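Chemist: Next up is a structure, given as structure tokens.
The values are calculated or read from the model by the stated rules, or taken from the named source; none is laboratory data. Given the structure is predicted, the values throughout are model-derived calculations rather than measurements. Here Cβ is always computed from backbone atoms with ideal geometry, including for glycine, and neighbour counts include all displayed protein chains. What goes into the accessible areas is simple: the full protein's heavy atoms, side chains included, and nothing from ligands, DNA or RNA. Shrake-Rupley method; radii C 1.70, N 1.55, O 1.52, S 1.80 Å.
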Amino acid sequence: MQKIKRALAACAGLAAAAGLLAGCSSGSRNLVFDASSQGGGFQTELTFFGFKYEALNVLAIEDALHAYMDENPQVSISYDGIKTPAYFDVLVKRLSTGNGDDIFMVDHERALELGGEGRLADLSDLSTLGNFSDLAKSQMTAAGPVQYVPTSISAFGLYCNLDLLKEYGQKAPETLAELEAVCDFFAGQGITPIVANNDISLKTVVIAKSLLPLYQSDDAAAKIERFNSGQDDLAAALRPGFEFVEEMIRRGWIAPAQVLETAKTKDDLLLFAAGKQPFMLTGAWAVPRLRELKPGFDFDVRPYPILPDGSVLVVNVDTRISVNAESPHLQEAKAFVEYLTRSDVMWQFVNSQSSFSPLKENRLAEDAAIQAIGPYLTNGRSVLGSDDNFRFPIWEMTRQCVVGMLEGEDAGEAVAHMRALLEQWDSIEG
């Protein structure tokens with residue numbers, strides 16, 4: 001087996017040197033796995049850039065690189081991973097200066113932008129495409145040609161400190177009424193019940209609260225197209241979610257000033273791990289990272305109990321892999337992406353992410369803490385947080401509106417903020 005050189009460096013901010021751009025956010029890590037230094041003879045040297053930098057995820061990527069290079073000894077692949085949001089700034093700068101990697105990760109917003117600029121290669125000829133689930137295909141083909149392939153379906157949930165709930169004689173909520181009762185109870189005890197971060201926590205609540213009827217309808221695609229064309233008002237459709245966030249703030253379920261300073265899957269995990277608050281809103285993929293903090297209490301992750309009759313799960317077709325359309329090794333890069341989407345290779349990564357498989361099997365990672373979310377992918381009570389069928393980045397737009405609410409805007413102002421962002425996008429995209 002070829003050896004992969006491991007280089008680990010702490011870094012902060014963005015750096016540019018000798019025309020090659022690299023960088024990471026404060027407190028993040030830049031990891032590089034490089035086989036090219038382990039001797040010559042390679043016919044092709046590929047670079048892979050991504051926003052997965054945590055040890056467990058990177059180990060899964062490392063294993064995939066090892067196995068692929070064992071099967072293809074003429075190919076060398078290096079992986080460079082840094083944390084978002086700095087990752088996307090570096091990605092765009094690398095591409096715009098002609099230093100783009102052969103393979104890289106994208107999100108919905110970057111897929112729209114880079115795809116529109118012709119920077120993403122057409123992956124429609126990959127032999128593995130037929131293995132993907134209908135949900136994954138509905139996202140991959142939304143813009144026409146396949147310009148990325150997902151390697152997981154991520155989920156967002158309510159983390160519950162089961163020991164703290166038991167200590168106070170409370171139980172994990174399963175309906176809106178139960179959530180209201182338990183959160184009001186803790187707020188009455190002087191305890192802010194919910195840990196939230198300044199990125200994904202509250203925007204997923206807005207989307208879940210507002211858009212479940214859309215995804216439960218028989219003509220969801222037609223309704224999304226009405227939003228895209230402006231016939232229907234998406235900002236108004238999101239009002240129930242904004243009103244719910246406004247209620248959360250008013251009732252003291254979250255601490256807005258703290259949330260504004262709380263980075264996702266970092267600061268929020270530290271706060272929750274302290275064991276003083278019963279709930280946390282973040283991605284299920286954070287379960288392994290939370291365990292690394294040794295929180296000292298039992299916890300599990302559940303769908304959002306924000307409906308009168310039960311819960312709803314927010315999911316994303318995620319960890320999207322694209323190929324640089326200008327790569328000098330286009331076919332070799334596509335061959336590696338095809339390898340990554342084989343079911344046996346993909347499963348190891350899905351399992352490391354505490355996520356669902358994007359393949360037809362809809363298999364959920366094995367971690368016991370997330371099993372409660374399993375049925376919600378297929379029981380008609382799930383919502384796509386970042387749906388490719390929308391022609392604008394609803395994921396980022398909703399985040400900006402929530403930040404405005406944390407800074408003092410009410411639900412009506414958030415709706416107006418959303419409407420302004422949609423109009424701005426229309427003016428830019430034409």
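Chemist: With (1) touching a helix residue (DSSP H, G or I) at 6+ places or on another chain (Cβ under 9 Å); (2) under 22 Å from residue 61 (Cα atoms) as the list, and residue 138 as the residue in question, which single condition is left unmet?
Modeler: Every listed condition holds for residue 138 apart from (2).
Chemist: Now for a separate question. Against the definition (touching a residue at least 12 places away in the same chain (Cβ under 8 Å), hydroxyl-bearing (Ser, Thr, Tyr), out of contact with any Cys (no Cβ under 6 Å at 6 or more places or on another chain) and closer than 15 Å to residue 234 by Cβ), how does residue 357 come out, yes or no?
Modeler: So residue 357 does not fit the description; no.
Chemist: Six or more apart or on different chains, Cβ atoms under 7 Å: show the pairs whose first residue is in segment 68-84 and within 14 Å of residue 333 (Cβ to Cβ) and whose second is surrounded by fewer than 17 Cβ atoms within 10 Å (Cβ to Cβ) and among the acidic types (Asp, Glu).
Modeler: 76/45
Chemist: Go over the candidates 260, 313 one by one and state the one that is at pLDDT 95 or above, open to solvent by 40 Å² or more (accessible area, probe 1.4 Å) and touching a helix residue (DSSP H, G or I) at 6+ places or on another chain (Cβ under 9 Å).
Modeler: Going through 260, 313 in turn, the sole match is 260.
Chemist: Also, quick follow-up: Can you confirm whether residue 382 is modelled with pLDDT under 95 and small (Gly, Ala, Ser)?
Modeler: It is false that residue 382 is modelled with pLDDT under 95 and small (Gly, Ala, Ser).
Chemist: Restricting attention to segment 169-179, report how many residues are open to solvent by 60 Å² or more (accessible area, probe 1.4 Å) and either touching a residue at least 60 places away in the same chain (Cβ under 8 Å) or basic (Lys, Arg) (or both).
Modeler: 3
Chemist: Follow-up question, since we're still on this one. When you go through 409, 423, 396 one by one, which is the residue that is over 25 Å from residue 115 (Cβ atoms) and among the acidic types (Asp, Glu)?
Modeler: 409
Chemist: I'd like the full set of residues that are open to solvent by less than 60 Å² (accessible area, probe 1.4 Å), out of contact with any helix residue (DSSP H, G or I) (no Cβ under 6 Å at 6 or more places or on another chain) and either among the aromatic types (Phe, Trp, Tyr) or closer than 22 Å to residue 85 by Cα (or both), limited to segment 391-429.
Modeler: Those that are open to solvent by less than 60 Å² (accessible area, probe 1.4 Å), out of contact with any helix residue (DSSP H, G or I) (no Cβ under 6 Å at 6 or more places or on another chain) and either among the aromatic types (Phe, Trp, Tyr) or closer than 22 Å to residue 85 by Cα (or both): 394, 403, 422, 425.
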